[in-house]
Amino acid sequence: MQVRVTNVSKNYAGMAALADVSLTVGSGELVALLGPSGSGKTTLLRTIAGLETPDSGVVYFNDRDASESRIQDRGVGFVFQHYALFKHMRVMDNIAFGLRARKKNRPKEADVKLKVMELLDLVQLSGLEKRFPSQLSGGQRQRVALARALAIEPSVLLLDEPFGALDARVRKDLRRWLREIHDRTGHTTLFVTHDQEEALELADRVVVMNKGQIEQSATPDEIYDTPATPFVFSFIGESSVIPVVVGNGRATLDERVIDLEVGVLADGPAKLFLRPEDVAMVTDGGPGIPGLVVSTRRIGGMRRVTMECGLARHRIEFDAPAEIDIHNSQRLQVRITGGRVYGDGEEGYATEKLASSDTADFKWARAEGWIDR
Amino acid sequence: MTEAEKSVMATRRRQKQAVGEGPLTRAALIAVALAFLGIMLIAPLLVVFAEAFSRGAGVFFDALVAPHTMSALQLTLLVAAIAVPANLVFGIAAAWAITKFDFKGKAFLLTLIDLPFAVSPVVSGLIFVLLFGANSALGPWLDEMNIKILFAVPGIVIATIFITFPFIARELIPLMEQQGSSEEEAAVSLGAGGWRTFFLVTLPNVKWGLLYGVLLCNARAMGEFGAVSVVSGHIRGQTNTLPLHIEILYHDNKAAAAFAVASLLAMLALVTLAVKTVLEARFAGSLAAQRRH
Ligand SMILES: Nc1ncnc2c1ncn2[C@@H]1O[C@H](COP(=O)(O)OP(=O)(O)OP(=O)(O)O)[C@@H](O)[C@H]1O
Ligand SMILES: [Mg+2]
């Protein structure tokens, strides 16, 4: 089942929770909705499910205007942010609820039991069917909520932060397991998450939302490698931001401290966004951007270094091999091997991939990748 | 231990005393609470029964089986049997509307529900006299249609419904508000219709509050005096409820009989409380499980 959201807006007391949102989720696709708190993720999900009525715009299920059918008939499985289990019912009755509520071809009670057992097995909760929700852990409740939504064999599965309240370890397990279930059942799935790692790892496509609008909708690779807006760049992964001035096809900081070729970007103020891996320390004595180390910390096998450069002491973060001893107040030089420059264009953001650096010799395949694209 | 540590310890000790009372204070507080309960609640109850039997068991039972007592009892039970289910439906509907939907005039409706609590019962009774009396706008029409409301059973029922309306709604509104509508939304998204959602999800979640509301409503329906007194007309054997009957007996200098009937009313109240206690004890498990969630 394809879900198509077209120009949907929703206001709460004059404040836009959704502002002209359009989104298509293909049949069988697994899409992640990512965004900061209050960006409208839940509102979008609830609008698709029919639990909210949009102020304007239409939601289509396979070319059919969804508002023509009742919520009950939409065939949407919804897993709520706070589970919303029926607390006076045992686990098995929770899961069976949707099957028993069917008007047309309601299964026989024996078949309902069978199906419930099958689902309990799927969510790995066999043996807990007689418990009440209050007698389960958070992760178990979450899985009951999922089993309950799956029971009605929905054509669209909507999950609102399905792993929100769980610890990192359990999240990882459930994440893999959700992917498996999705691949096995082939539901069209849309899930909300705060966690970018989760979104990038799990989804076929990631939709980044901010302030009720969709900033970018693309594959995890594209989201990470070619963020469409400064917001997406800074929301996904780690980033350093440096204000630069664009003129004559070059972006510069303090005249010559940073001097990068940026091609067609319009003249004027712009912002340079760098990921830690876009910056490398100069160890061969070649030219580079001079800076002063203000802090270092260990991250896995690397050392994350924070350096200040330029007159206004802009901070740049980058990773250096842990073997190299770097200490505070040390002076060193770095070269920029990637990143993006976003101009303050009037029609949104003109963006330019970084094509070159002031230090001409590119050693890294990644940097060459930038040029190729 | 340094001076600083010592002073911290001392402070802690003082704080502990300030929070956890000493055994003497505790005993005194419990004694005061029990004494208050004894004087204000238990003693009057005992007095009622003592007075009822003051002329012997014979007088007591004679008063109970007297025809007028019997008819008053029947009327009281009839009124409660109509008023309580009516308020059950009204109360649930009002609580449902107020907590699950957003609409204009919600705050006004909330205030309106409290009206019977705020207005003196006598005034409530007078309102109905004004509404249905011979001089009212409705009066002549009712006369013509030969419908008797005032000084008849319908009037008593209406007044009782009015007086006891807030009990169930007031009990349910905070409960339903606290529970929100997420479970209902889940039910609807799973394909359940409105009635199914209501009976399988909403109702079970508020059943204890509802039961408590019904019991309170019932107790008041059987015990209401002021409003009923105004609209009933005090026709013995016809429009006298138990409370009205007790008053008449009392003014007729039949104190023992009055207290005998009063003890009947008190018994009804005690039975109500007993039923509630038994039900709560019986379902304590599922109640605790729900609360913990
Ligand atoms: N029922 C409501 N009444 C008023 N405002 C609301 C309501 N629901 C949501 N909002 C507002 O709409 C905006 C979007 O809310 P939404 O719940 O969709 O955010 P979200 O992206 O799901 O956030 P989170 O990640 O914290 O769950 C927020 O500013 C919120 O305050
Ligand atoms: Mg949310």
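The values are calculated or read from the model by the stated rules, or taken from the named source; none is laboratory data. Predicted model, so just to flag it, every value in this text is computed and none were measured. Because the Cβ atoms are built from the backbone with ideal geometry, glycine has one as well, and the counts that use them run over all protein chains shown. Surface accessibility is based on the protein's heavy atoms, side chains included, excluding ligands, DNA and RNA. Shrake-Rupley method; radii C 1.70, N 1.55, O 1.52, S 1.80 Å.
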Inset, instruction - For chain B, find the longest principal axis of its Cα atoms and tell me its angle to the long axis of helix B:3-19, 0 to 90°, nearest 10. - result: 10 degrees
Legend entry - Evaluated at q = 0.08 Å⁻¹: base-10 log I(q)/I(0), Debye formula over Cα of the protein assembly as shown: -0.87
Inset, instruction - Could you please state how large a percent of the accessible area of chain B is carbon and sulfur, counting protein chains only and using a 1.4 Å probe? - result: 70 percent
Inset, instruction - Provide Rg and Dmax in Å for chain A, with only Cα atoms included in the calculation. - result: 25.0, 78
Inset, instruction - May I ask for the equivalent-ellipsoid semi-axes of the stretch B:75-116, computed as the square root of five times each C-alpha gyration tensor eigenvalue and listed largest first in whole Å? - result: 26, 12, 5
Legend entry - From phi via Karplus (6.51, -1.76, 1.60), per-residue ³J(HN,Hα) for the stretch A:276-281 in Hz, x at Gly/Pro: x, 7, 7, 10, 10, 6
Inset, instruction - For chain A, find the longest principal axis of its Cα atoms and tell me its angle to the long axis of helix A:168-185, 0 to 90°, nearest 10. - result: 60 degrees
Legend entry - Length-normalised contact order of chain A in % [C-alpha pairs under 8 Å, at least 6 apart]: 15 percent
Inset, instruction - Report the far tail of the P(r) of the stretch A:1-137, meaning the percent of Cα-Cα pairs longer than 25 Å. - result: 42 percent
Legend entry - Interface burial for B against A (accessible surface, 1.4 Å probe, total of both chains, Å², rounded to 100): 2200 Å²
Legend entry - P(r) weight above 31 Å for the stretch B:57-286, C-alpha pairs, percent: 34 percent
Inset, instruction - Identify, among B:Leu249, A:Leu114, B:Gly155, the residue whose Cα sits farthest towards the positive end of the charge dipole of the protein assembly as shown, taking +1 on the Cβ of Lys and Arg and -1 on the Cβ of Asp and Glu, with the dipole about the Cα centre. - result: B:Leu249
Inset, instruction - Go through A:Lys41/B:Lys104; A:Lys10/A:Lys211; A:Lys103/B:Lys207; B:Lys104/B:Lys207; B:Lys207/B:Lys276 and tell me which ones have a Cα-Cα distance over 19 Å in this structure. - result: A:Lys41/B:Lys104; A:Lys103/B:Lys207; B:Lys104/B:Lys207
Inset, instruction - State to the nearest 20 debye the size of the charge dipole of the stretch B:73-224 about its Cα centre, where the only charges are +1 on K and R beta carbons and -1 on D and E beta carbons. - result: 100 debye
Legend entry - Spherically averaged projected area of the stretch A:206-293 from its Cα convex hull (nm²): 7.4 nm²
Legend entry - Phi-based couplings in Hz for the stretch A:333-339 (Karplus 6.51, -1.76, 1.60; Gly and Pro marked x): 10, 10, 10, 9, 10, x, x
Legend entry - Table column - 3J(HN,Hα) (Hz), the stretch A:146-154, Karplus curve with 6.51, -1.76, 1.60, x for Gly and Pro: 5, 4, 4, 6, 6, 4, 7, 6, x
Inset, instruction - List the pair-distance distribution P(r) of the stretch B:83-161, using every Cα-Cα distance, as the percent of pairs falling in each 10 Å bin from 0 up to the bin containing the longest distance, rounded to whole percents. - result: 16, 36, 32, 15, 1
Inset, instruction - For the stretch A:40-93, with all protein chains present and a 1.4 Å probe, just round the carbon and sulfur fraction of the accessible area to a whole percent. - result: 41 percent
Legend entry - Interatomic Cα distance distribution for the stretch A:182-234, bins of 10 angstrom, percent: 22, 56, 18, 3
Inset, instruction - Give me the distance between the Cα centres of the stretch A:209-281 and the stretch A:89-129, rounded to whole Å. - result: 51 Å
Legend entry - Cα-derived Rg over Rh, computed across the stretch A:116-226 with Rh taken as Kirkwood radius: 1.00
